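Let me begin by presenting the structure, written as structure tokens, before commenting on it.
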Amino acid sequence: MLEKRTPIPVSEAIDKCIKYAKQKEIIEMNYLESLNYVLAEDIIATYDIPMFNKSPYDGFAIRSEASAGASGDNRVAFNVVDHIGAGSVSEKSLKNNEAVRIMTGAEIPAGADAIVMLEQTVTTDEGFTLRKPFTSGENISFQGEECKKGDTILKRGTLINAGVIAVLATFSYATVKVYQKPSVAIIATGSELVDIDEELSPGKIRNSNGPMIMGLCKEMNIEVLNYHVKADDYETLFNAVRNVYQNHDIVITTGGVSVGDFDYMPQIYKDLTADVLFNKIAMRPGSVTTVAVKENKFLFGLSGNPSACYTGFELYARPVLRTMMGERDVYPTFVKAILSEDFTKANPFTRFIRADLDYRTMTVKPSGFNKSNAVIAIATSNSMIILPGGTRGFVAGDTVDVLVNRLSPSDGVPW
Ligand SMILES: Nc1nc2c(c(=O)[nH]1)N[C@H]1C(S)=C(S)[C@@H](COP(=O)(O)OP(=O)(O)OC[C@H]3O[C@@H](n4cnc5c(N)ncnc54)[C@H](O)[C@@H]3O)O[C@H]1N2
Ligand code: MOO
Ligand SMILES: [Mg+2]
């Protein structure tokens, strides 16, 4: 008899996955290698930034009181007594109308309390004249104005981007504590599949899911082992999954999770005595996506249909990967946008549509042919429209939720 599956809501399925996901161990690594890892320690300011009062301009350091009363008719003259660039410190202590010629980034000399830009001066034999009074502190970048020593700058759980690398460099974190990345194995299943270097014969198709999942993991800087495709043969598949899961944190299979005569994954989870978290989700595509856990390892049974496979990865595998690699916020990013096309089909389950989101106008439309078996829309889309289950008849102008996953460049800028 056919097994009866009970669909659960998408949010419940995501929460179940996250609940079982455990952070990987903490390792220390060279900060330059840490891009796309996640901070396993708070980053604390080891100095005030700026570290010293400095000039934000190429110009002259003066005592502001010496500029009192300056105007176009009463230019005030200064004598230049020293000349420094960034990295040098003046030994001079300014008196009266003395000035130091100073370049951007150099420390403000003793006695000086304002900076005059080069463009605001007229050169003389002894130095320069200026035509306006300066106030104390004018044009000075003050020590500690960005942050103070001891401030918490970044929290544990932050994904390391290039800005974080800049912060690590600023505060001398030559090594940084991060979470290890999970290791992932991919097994594409299906007797119809042939890899890219094998001959296509009648009834066969190319394996696109395996390479796609590999790409999705690599985008997150996660190492993946892509196994050869496996035929729909129970013994072969069972042995492959059993062997592979012992060496990886996550095994992602594609295909063979539905109710077909050659869909062996449900039986394999049973025979491995893995805990099946769910095997039916109230979503389309990807309703048969199955997730099982065994000894803290995840088995993702993604659907064989490419768009369903992709959707299953984005909704369930990605938050688990993010949790394992230590990220604090792991749910997908979503925004509201306005449909620019009708979508009148009924949505018995929550529907995910590969879509083009225009970030400037926040309008969105399906990205071409969009059935569960579509592959091209995965490449052309930058987002997914989400239509709640039990609805129908969406029309242009309706506001919808949109899951955002790629930013696309635009064809020009208005500023
Ligand atoms: N009687 C029912 N039949 C089906 C149901 C159902 O509820 N009752 N669900 C349908 C839905 S929805 C989906 S989605 C698929 C899921 O099927 P499986 O996950 O078991 O996947 P397969 O049967 O192995 O393959 C489905 C489809 O995808 C192609 N495929 C598989 N692997 C790849 C790959 N690596 N690269 C590219 N394409 C792949 C495969 O050739 C099939 O065409 O079940 C429906 N049926
Ligand atoms: O639910 Mo199937 O997964 O439509 O594509
Ligand atoms: Mg099937």
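What follows draws every value from the coordinates through simple rules; no lab data is involved. Keep in mind that what you see is a predicted model, and the values were worked out from it rather than measured. Virtual Cβ from ideal backbone geometry, glycine too; neighbours counted across all protein chains shown.
What to note about this one:
- Distance from the alpha carbon centroid of the range 316-363 to that of the range 216-249 works out to 27 angstrom.
- Expected-Rg normalisation [2.2 N^0.38 Å, Cα atoms] applied to the range 16-144: 1.64
- Overall dimensions of the range 106-180, expressed as equivalent-ellipsoid semi-axes from the Cα gyration tensor (√(5λ), whole Å, largest first), are 41, 13, 11.
- Reachable lysines from Lys16, criterion Cα separation under 26 angstrom, eight or more residues apart if same chain: Lys4, Lys24, Lys155, Lys181, Lys218, Lys270, Lys280, Lys294, Lys297, Lys336
- Cα-based shape type of the range 181-246, given that a ≥ b ≥ c are square roots of the gyration tensor eigenvalues and the cut on a/c is 1.5: oblate
- Taking the chain as a Gaussian network of alpha-carbon nodes connected by springs under 10 Å, the highest mean-square fluctuation of the residues Val259, Val176, Val288 belongs to Val259.
- Once both labels are positioned 7 Å from their Cα atoms along Cα-to-Cβ, the gap between Met103 and Ala174 label points is 2.8 nm.
- Entry note, the range 1-104: relative contact order of 27 percent, from Cα contacts under 8 Å with a spacing of 6+ residues.
- Fluctuation leader among Leu302, Leu159, Leu94 - the chain, Gaussian network, Cα springs under 10 angstrom: Leu94
- Three principal axis extents of the range 1-44 based on alpha-carbon atoms, in descending order, are 57, 22, 16 Å.
- Rounded to 10°, Cα long-axis angle of helix 209-219 versus longest principal axis of the chain: 20 degrees
- Here the sum of -39500 (n - 2.57) over DSSP H runs of 4 or more residues, divided by the residues of the chain, equals -4500 deg cm²/dmol at 222 nm, to the nearest 500.
- Magnitude of the charge dipole for the range 333-411, about its Cα centre and with charges confined to Cβ atoms of Lys, Arg (+1) and Asp, Glu (-1), is about 240 debye.
- Calculated on the Cα set of the chain, radius of gyration then Dmax: 30.7, 102 Å.
- Part-to-part distance (alpha-carbon centres) for the range 19-86 and the range 185-210, which is given in Å: 56 Å
- Top positive-direction residue, dipole computed over the chain with Cβ charges, set Leu277, Phe238, Ala61: Leu277
- Charge tally around Ser367: other residues with Cβ under 13 Å, Lys/Arg +1 each, Asp/Glu -1 each, net +1.
- On the beta carbon distance between Ala396 and Phe52, with R0 = 60 Å, the FRET formula returns roughly 0.55.
- Global geometry of the range 231-362, whether rounded, prolate or oblate, following the gyration tensor of its Cα atoms and the 1.5 cut on a/c: oblate
- Order by protection proxy (mean Cβ within 10 Å, highest first), peptides 327-337, 210-220: 210-220, 327-337
- Taking 0.36 nm per residue of separation and subtracting the Cα-Cα distance, full extension of the segment from Asp411 to Thr273 would add 44.4 nm.
- Residue order, fewest to most beta carbons within 10 Å, for Tyr316, Tyr31: Tyr31, Tyr316
- 18 Å reach of a label modelled at Glu41, 7 Å along Cα-to-Cβ, counting backbone N of the range 163-184: 164-181
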